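See below for the structure under consideration.
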Amino acid sequence: MSSPADASTLLDRHFLEVRARLLEVAATLDRLDRAQGDVSGDPRKDQLDRAIAMLADPEAGRAERLQRLFSRAYSEDWRSQMEL
Amino acid sequence: MDYIDPHIHMVSRITDDYATLARMGCVAISEPAFWAGFDRGSADGFRDYFRQLTEVEPQRAAQYGIQHFCWLCINAKEAENVSLARDVIAMIPEFLDAPGVLGIGEIGLNKNTRNESIVFLEHMELAIKHDQPILIHTPHLEDKYQGTRMILDMLNGDSRIDRSRVLVDHVEEHTIRAVLDDGYWAGMTLYPVSKCTPQRAADMIEMVGPERLLANSAGDWGPSKPTAVPDLIFELRQRGHSESLIRKVVYDNPREFFAKSKNFRFTPRS
Ligand SMILES: [Zn+2]
């Protein structure tokens with residue numbers, strides 16, 4: 001199923017909101033740079049960096065890919081691992 | 001537009017919320033049994049809760065012209081205590097013939113542990129033995145994908161499960177297709193903060209279509225918005241979706257799913 005909404009109307013509706021959210025991300029990254037200490041080895045920082053790169057991917061399904069990035073791994077043989 | 005909220009915890013809400021829901025067009029709700037914000041100490045604590053769900057809450061709802069249905073179980077969080085969970089599961093059949101009890105729920109996983117899985121499987125047995133539909137909670141945030149896949153494994157691994165009588169709730173972009181593709185119903189939960197927004201729920205409807213798809217507020221004692229379903233209706237209208245599509249998701253689909261329960265007696269507004 002597609003959307004009946006008009007793309008340029010949607011952009012009108014969401015432009016300022018998305019701009020504000022991107023600014024929040026940019027400012028948070030700047031804040032991290034200014035702060036004492038270093039989070040470059042923190043896996044969450046790596047996740048955020050990869051998420052930001054994903055947004056630039058023109059392929060649809062960005063939300064789903066981001067969700068997967070922030071998800072714990074699933075292993076098919078969990079029942080035998082848990083002896084269930 | 002008349003709508004049904006298929007997942008809302010009204011015991012945690014004030015009577016003014018019933019009035020607001022009624023004004024927004026809510027004509028029926030279903031209330032799954034869940035965590036009270038603290039661990040209950042005994043099966044008797046659950047017996048009192050089930051009386052509240054089956055006797056008290058339907059009367060409170062009826063004052064506002066809202067029909068109240070419910071689901072019974074011990075939730076995943078308290079299911080970590082397996083012996084308490086077994087006591088509660090043994091007591092549930094006392095209530096299964098009460099008017100408005102639609103089935104077993106919201107069972108599920110929370111931290112995806114072995115104990116939670118054991119209790120999930122025992123709830124499945126209970127539902128099968130008593131021919132009950134099932135409503136399932138999936139975990140949040142980083143546990144959701146793994147937990148949803150584990151739940152689907154347990155359901156798919158039992159050929160006695162009728163998939164058309166199982167609703168898997170709190171689906172998001174990365175779990176919705178697996179649930180629907182395996183033949184289950186899927187519920188999207190709209191939260192005001194941190195989780196799925198009405199906009200993303202509308203996106204998911206556009207991505208997968210409206211078949212076997214429900215939307216709920218999961219309003220409870222935490223930050224939540226009981227009127228989230230009307231927010232979704234408004235979002236879909238703003239995008240130009242048809243009234244028949246909107247009505248299918250927020251009214252026809254819940255009715256069709258609930259009708260899988262022998263205790264579902266619903267009187268539409270005339
Ligand atoms: Zn719930």
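We did not get these values from a lab; they are worked out from the coordinates using the rules stated. This one's a predicted model, so the numbers in the text were calculated from it and none came from an experiment. Using ideal geometry, Cβ is built from the backbone for each residue, glycine included, and neighbour counts are taken over all protein chains shown.
Among the residues of the stretch B:155-165, is there at least one that is in contact (Cβ under 8 Å) with a residue 12 or more places away in the chain and within 11 Å of chain A (Cβ to nearest Cβ)?
Checked against the condition, which is being in contact (Cβ under 8 Å) with a residue 12 or more places away in the chain and within 11 Å of chain A (Cβ to nearest Cβ), the stretch B:155-165 yields no hits at all.
Have a look at A:Arg62, A:Arg68, A:Arg79, A:Arg72 and point out the one that is more than 19 Å from B:Glu172 (Cβ to Cβ), out of contact with any Ser or Thr (no Cβ under 6 Å at 6 or more places or on another chain) and free of Cβ contacts under 8 Å to residues at least 12 places away in the same chain.
The unique qualifying residue is A:Arg79.
Conditions tested, residue by residue: (1) within 14 Å of chain A (Cβ to nearest Cβ); (2) crowded, with 22+ Cβ neighbours inside 10 Å; (3) within 16 Å of the ligand (Cβ to nearest atom); (4) farther than 22 Å from B:Gly37 by Cβ.
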residue	(1), (2), (3), (4)
B:Leu53	no, yes, yes, no
B:Val56	no, no, no, no
B:Gln63	no, no, no, yes
B:Ile74	no, yes, yes, no
B:Glu122	yes, no, no, yes
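What about B:Leu109, is it within 14 Å of another protein chain (Cβ to nearest Cβ), within 16 Å of the ligand (Cβ to nearest atom) and either of a type in the set (Phe, Trp, Tyr) or without any contact (Cβ under 8 Å) to a residue 60 or more places away in the chain (or both)?
Yes, satisfied.
Output the number of the condition that B:Ser42 fails; it satisfies all remaining conditions of (1) over 24 Å from B:His170 (Cα atoms); (2) touching a residue at least 60 places away in the same chain (Cβ under 8 Å).
It is condition (2) that B:Ser42 fails.
Testing B:Gly183 on (1) on the phi < 0 side of the Ramachandran plot; (2) away from every other protein chain (no Cβ under 14 Å), one condition comes back false. Which one is that?
Unmet condition: (1).
Quick one: B:His170 ticks every box in (1) within 16 Å of the ligand (Cβ to nearest atom); (2) in contact with a Phe, Trp or Tyr (Cβ under 8 Å, 6 or more places away or on another chain) bar one, so which box is it?
(2)
If B:Leu135 satisfies all but one of (1) of a type in the set (A, V, I, L, M); (2) surrounded by fewer than 20 Cβ atoms within 10 Å (Cβ to Cβ); (3) in contact (Cβ under 8 Å) with a residue 60 or more places away in the chain, what's the number of the condition it fails?
(2)
Return a yes/no flag: does the stretch B:90-100 have any residue that is assigned to a helix (DSSP H, G or I), within 16 Å of the ligand (Cβ to nearest atom) and more than 17 Å from the chain's Cα centre (by Cα).
No, the stretch B:90-100 contains no residue that is assigned to a helix (DSSP H, G or I), within 16 Å of the ligand (Cβ to nearest atom) and more than 17 Å from the chain's Cα centre (by Cα).
Select from the stretch B:105-145 the residues that are under 23 Å from B:Phe264 (Cβ atoms) and part of a loop (DSSP other than H, G, I, E, B) and list them in ascending order.
B:His130, B:Asp131, B:Gln132, B:Pro133
Take the residues of the stretch B:210-265 that are in contact with a strand residue (DSSP E or B) (Cβ under 9 Å, 6 or more places away or on another chain) and among the aromatic types (Phe, Trp, Tyr): which is nearest to A:Ala7 (Cα to Cα)?
Filtering first and then ranking leaves B:Tyr251.
Based on this model, can you work out whether A:Glu83 counts as surrounded by fewer than 14 Cβ atoms within 10 Å (Cβ to Cβ), farther than 24 Å from B:Lys195 by Cα, within 14 Å of chain B (Cβ to nearest Cβ) and acidic (Asp, Glu)?
yes
Among the residues of the stretch B:176-192 satisfying the criterion of being free of Cβ contacts under 8 Å to residues at least 60 places away in the same chain and within 16 Å of the ligand (Cβ to nearest atom), which is farthest from A:Arg65 (Cα to Cα)?
Once the filter is applied, the top-ranked residue is B:Pro192.
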